[in-house]
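What follows is one structure encoded as structure tokens, with my remarks underneath.
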Number of protein chains: 2
Amino acid sequence: MLDIRIEKTQNPKTLPEKDNPLVFGTIFTDHMFIMNYELGKGWFDPRIVPYQPIVLQPSAMVFHYGQEMFEGLKAYKTEDGRTLLFRPNKNWERVINTNRRICMPEIEEDVFVDAIKALVKIDEAWIPTKPGTSLYIRPFIIATDPFLGVRPSNTYQFIVILCPVGAYYPEGLNPVKIWIEDEYVRAVKGGLGEAKTGANYCASLKAQVKAHDEGYSQVLWLDGVERKYIEEVGAMNIFFKINGTIVTPVLNGSILPGITRKSVIELCELWGLPVEERKISVDELLDAAKSGALEEVFGTGTAAVISPVGHLRFEDTVFQVKDGGIGQISQKLYDTITGIQLGKLEDTLNWTVEVK
Amino acid sequence: MLDIRIEKTQNPKTLPEKDNPLVFGTIFTDHMFIMNYELGKGWFDPRIVPYQPIVLQPSAMVFHYGQEMFEGLKAYKTEDGRTLLFRPNKNWERVINTNRRICMPEIEEDVFVDAIKALVKIDEAWIPTKPGTSLYIRPFIIATDPFLGVRPSNTYQFIVILCPVGAYYPEGLNPVKIWIEDEYVRAVKGGLGEAKTGANYCASLKAQVKAHDEGYSQVLWLDGVERKYIEEVGAMNIFFKINGTIVTPVLNGSILPGITRKSVIELCELWGLPVEERKISVDELLDAAKSGALEEVFGTGTAAVISPVGHLRFEDTVFQVKDGGIGQISQKLYDTITGIQLGKLEDTLNWTVEVK
């Protein structure tokens with residue numbers, strides 16, 4: 001077990017009221033985890049301290065060269081009072097891959113998971129219990145060298161913060177409208193698309209604003225090379241049910257390997273549903289929509305779990321997915337995954353980790 | 001003139017000693033400029049304060065989603081004691097383009113230039129005077145909303161810091177070795193490559209480390225679509241002299257529009273040298289090197305001004321540029337641009353702006 005120095009807050013905040021809608025990412029708990037890194041010394045001084053500002057030199061590399069990474073996962077409170085994390089070791093695997101891609105020092109699996117467990121335990125009272133709510137966990141690493149040359153930083157901070165959240169989409173499990181982007185590109189093979197780093201999100205802002213202005217809640221990205229294959233939705237991976245088969249874009253180096261994505265594939269396989277990871281072009285999608293073969297579309301991600309898509313637009317073509325409602329598979333996946341996360345269904349796949 | 005609140009330091013630092021080698025980006029002056037932005041209020045409270053840390057919430061968007069931009073330019077001290085900036089209005093033009101691309105609020109031209117002038121004036125004593133030295137100016141903007149949802153921030157800080165610098169490359173105007181990267185990609189059309197934002201630099205780290213490990217100081221990037229056209233060097237644009245013609249990759253959306261690049265093109269045109277902005281493939285480059293048609297290669301950038309390239313490597317092919325020395329055009333461009341910057345040559349093109 002990681003030896004964590006603990007400094008408890010002397011001024012605990014008031015917990016959000018039960019009826020607070022808990023807008024995603026706005027309310028933070030009483031404590032945060034911090035650990036420092038120096039080249040030659042490694043990670044040191046793991047500590048839990050009162051939630052407080054970060055103080056950095058103006059020349060800190062994170063402000064200039066975007067060397068930063070983050071993860072996202074959730075803690076859930078079960079009806080019998082246990083606290084469960086959902087597949088945190090899969091987040092750690094992604095941390096390692098991201099860190100290698102952007103030249104950050106690696107963190108050991110136990111250190112990563114223990115830090116999260118210890119912090120969630122201390123702020124356990126903050127885990128909300130209303131349906132659809134959870135405690136969102138945001139681990140992140142920032143480059144802190146006070147140096148303006150371009151190279152990997154020699155110093156870092158690994159920080160974990162927590163926020164009680166409601167549903168990511170105010171619509172809840174209602175179908176969202178998706179804009180298929182034909183001008184801007186999120187990521188390309190050889191770039192940072194499969195790493196969970198700020199660059200991909202910064203790259204997504206412009207198209208997101210355009211889509212919002214047109215009344216769409218999310219952007220579906222095409223590949224950056226041929227500009228015709230479906231990639232992902234930035235905050236989510238994307239799945240299609242076409243003629244009874246579940247199809248999702250194959251991980252090609254520019255798509256984030258989502259943990260909910262992986263869980264959905266594993267569940268479909270468990271249920272004996274045909275599931276394919278492969279290239280899927282926007283033309284195939286449009287044809288499937290026209291012919292009626294496109295039975296369901298849904299996004300998968302930690303924040304929203306499953307987001308049914310009711311409506312897509314590509315250039316001037318707008319099309320509804322079936323009746324635009326919530327598909328049968330979308331609903332079953334949502335019920336199953338959230339059921340396991342909340343301890344309502346038996347966790348036969350050993351996906352949850354209890355915080356004790 | 002921008003109305004700037006000024007709080008002078010009570011504890012001025014000791015100026016670097018004359019023989020200090022001034023490693024790029026490590027020493028900062030006594031003051032910094034800061035201005036805040038809030039949606040609905042615009043930019044406000046422009047101020048010059050003692051150089052000090054930045055204090056931000058752990059949830060500040062810049063730490064998570066990479067919404068950050070920067071610029072780089074220099075102030076020079078002339079022999080007759082004047083302080084000159086080099087084409088700061090071109091930096092402002094690029095600020096605007098970057099800000100639009102990554103959904104940041106724009107800054108007015110006068111505000112940008114006045115902020116720099118006022119700060120440089122206050123820390124004028126920090127401008128070093130030894131040959132090859134200058135005062136590097138780093139304006140940057142960071143997204144500060146304490147919010148974990150993905151969208152453009154509603155609050156920002158625009159900051160300017162200054163550092164006295166020697167030559168960017170310890171080699172000085174000695175030829176550098178360039179690694180042509182065939183695996184990783186810096187940027188792609190539709191992405192962020194033409195914006196001066198952290199994402200492009202984060203994306204460059206992995207190949208840069210690989211190149212350094214092989215003994216190369218910089219990476220030359222290929223396009224992300226066909227992976228065969230030359231783009232840029234991350235910290236520099238790139239020029240080739242082939243059979244007497246100066247060739248540089250045409251700005252295609254994934255190349256940073258360098259101000260030194262622009263100045264070089266304008267000088268070549270002024271001198272009546274044939275200069276072409278066009279696609280140039282790595283194959284063409286290799287052929288030109290083999291046939292002896294590749295007469296000079298040089299990088300252009302604010303930090304290094306002109307960097308002759310003596311040696312390139314693509315996959316397993318290593319080739320020298322001519323005798324690997326400093327080309328005639330490289331030397332003439334360096335002498336002319338630095339001559340104008342330092343007030344030694346008449347500024348017939350009106351490139352310099354005096355700080356009074």
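Positive-end ranking of A:Ile337, A:Ile34, A:Ile141 along the dipole of chain A, with charges on Cβ about the Cα centre, is headed by A:Ile34. With the simple spin-label model, which puts each label point 7 Å out from Cα in the Cβ direction, the B:Asp110 to B:Asp347 separation comes to 2.0 nm. In this structure, A:Ala125 and A:Glu79 have a Cβ-Cβ separation that, at R0 = 25 Å, corresponds to a calculated FRET efficiency of about 0.90. Amide hydrogen proximity for A:Lys228: with H placed 1.01 Å from N in the peptide plane, the residues at 5 or more positions away or on another chain lying under 5 Å are A:Asp223. Among A:346-352, A:294-300, sorting by the average number of other beta carbon atoms lying within 10 angstrom of each residue, highest first, gives A:294-300, A:346-352.
How would you classify region B:168-266 from its alpha-carbon gyration tensor, with a ≥ b ≥ c the square roots of the eigenvalues: rounded for a/c under 1.5, else prolate if a/b is greater than b/c, otherwise oblate? Because its axes are fairly even, with a/c under 1.5, region B:168-266 counts as rounded. Averaged over peptide B:21-30, the number of partner chain Cβ atoms lying within 10 Å of each residue's Cβ comes to 3.
Distances between every pair of Cα atoms in region B:176-341, grouped in 5 Å steps from 0 to the bin holding the largest one, split as 2, 9, 20, 24, 22, 15, 7, 2, 0 percent.
Can you give the average number of partner chain beta-carbon atoms within 10 Å of each beta-carbon in peptide B:49-59, as a whole number?
Taking the mean over all residues of the peptide, I get 6.
A Förster distance of 35 Å, applied to the separation of the beta-carbon atoms of A:Asn11 and B:Arg100, puts the FRET efficiency at 0.25. Taking only the Cα atoms of the protein assembly as shown, the ratio Rg/Rh comes out at 0.99, with Rh defined as the Kirkwood radius. Estimated from helices alone, the mean residue ellipticity of the protein assembly as shown at 222 nm is -7500 deg cm²/dmol (sum of -39500 (n - 2.57) over DSSP H runs with n ≥ 4, per residue).
Neighbouring Cβ atoms from other chains, within 10 Å of the Cβ of residues in B:100-110, number 2 on average. Take the Cα pairs of region B:242-290, get the Kirkwood Rh, then feed it into Stokes-Einstein at 20 °C and 1.002 mPa s and tell me D in µm²/s. Approximately 182 µm²/s, per Stokes-Einstein.
For a paramagnetic label modelled on A:Lys332 (point 7 Å from Cα along Cα→Cβ), amide N atoms under 20 Å away belong, within region A:257-274, to A:260-274.
Ordering A:Leu312, B:Gly224, B:Gln52 by Cα displacement along the dipole of the protein assembly as shown toward the positive end leaves B:Gln52 in first place; charges were set at the Cβ atoms of Lys, Arg (+1) and Asp, Glu (-1).
Note that chain A, at 10 °C in a medium of 1.306 mPa s, gets a Stokes-Einstein diffusion coefficient of 75 µm²/s from its Kirkwood radius over C-alpha pairs. Cα centroid separation, region A:1-29 to region B:69-111: 42 Å. With a threshold of 18 Å on the Cα-Cα distance, the over-threshold entries among A:Lys206/B:Lys279; B:Lys77/B:Lys262; B:Lys8/B:Lys77; B:Lys77/B:Lys117; B:Lys41/B:Lys196; A:Lys206/B:Lys189 are A:Lys206/B:Lys279; B:Lys77/B:Lys262; B:Lys8/B:Lys77; B:Lys41/B:Lys196.
The Rg/Rh ratio for region B:5-166 is 0.98, where Rg is the radius of gyration of the alpha carbons and Rh is the Kirkwood radius. Classify region B:10-80: rounded, prolate or oblate, from the alpha-carbon gyration tensor (a ≥ b ≥ c, eigenvalue square roots; a/c under 1.5 rounded; otherwise prolate if a/b is larger than b/c)? Prolate, because a/c is 1.5 or more and a/b exceeds b/c.
Toward the positive end of the charge dipole of chain B, with +1 on the Cβ of Lys and Arg and -1 on the Cβ of Asp and Glu, the farthest Cα among B:Trp92, B:Ile238, B:Val176 is that of B:Trp92. Basic side chains Lys and Arg get +1 at the Cβ, acidic Asp and Glu get -1 at the Cβ, and with that the dipole of region A:193-298 about its Cα centre reaches some 240 debye.
The convex hull of the Cα atoms of region A:248-321, projected and averaged over all directions, covers 5.5 nm². For region A:189-229 and region B:246-272, write down the distance between their C-alpha centroids in whole Å. If we compute the Cα centre of each part, the gap is 30 Å. Remark: spin-label model distance B:Asp45-A:Val23 equals 2.1 nm, labels positioned 7 Å along the Cα→Cβ axis. A Cβ-based charge dipole, computed about the Cα centre of chain A with Lys and Arg at +1 and Asp and Glu at -1, lands at about 460 debye.
Rounded to the nearest 20 debye, the dipole size of the protein assembly as shown about its Cα centre is 860 debye, using +1 on the Cβ of Lys and Arg and -1 on the Cβ of Asp and Glu. For region A:1-84, the list of chymotrypsin sites (Phe, Trp or Tyr not before Pro) that fall in a loop by DSSP and count at most 11 other C-beta atoms within 10 angstrom is empty.
Report relative contact order for chain B in percent, whole number only (criteria: Cα-Cα under 8 Å, sequence separation at least 6).
Rounded, it is 18 percent for chain B.
Model label sites at A:Lys322 and B:Asp287, defined 7 Å from Cα along the beta-carbon direction, differ in position by 5.6 nm.
Values in this text are rule-based calculations from the coordinates and carry no lab data. No experiment lies behind these values; they were computed from the predicted model shown. Backbone-built Cβ (ideal geometry, glycine too); neighbour counts: all protein chains shown.
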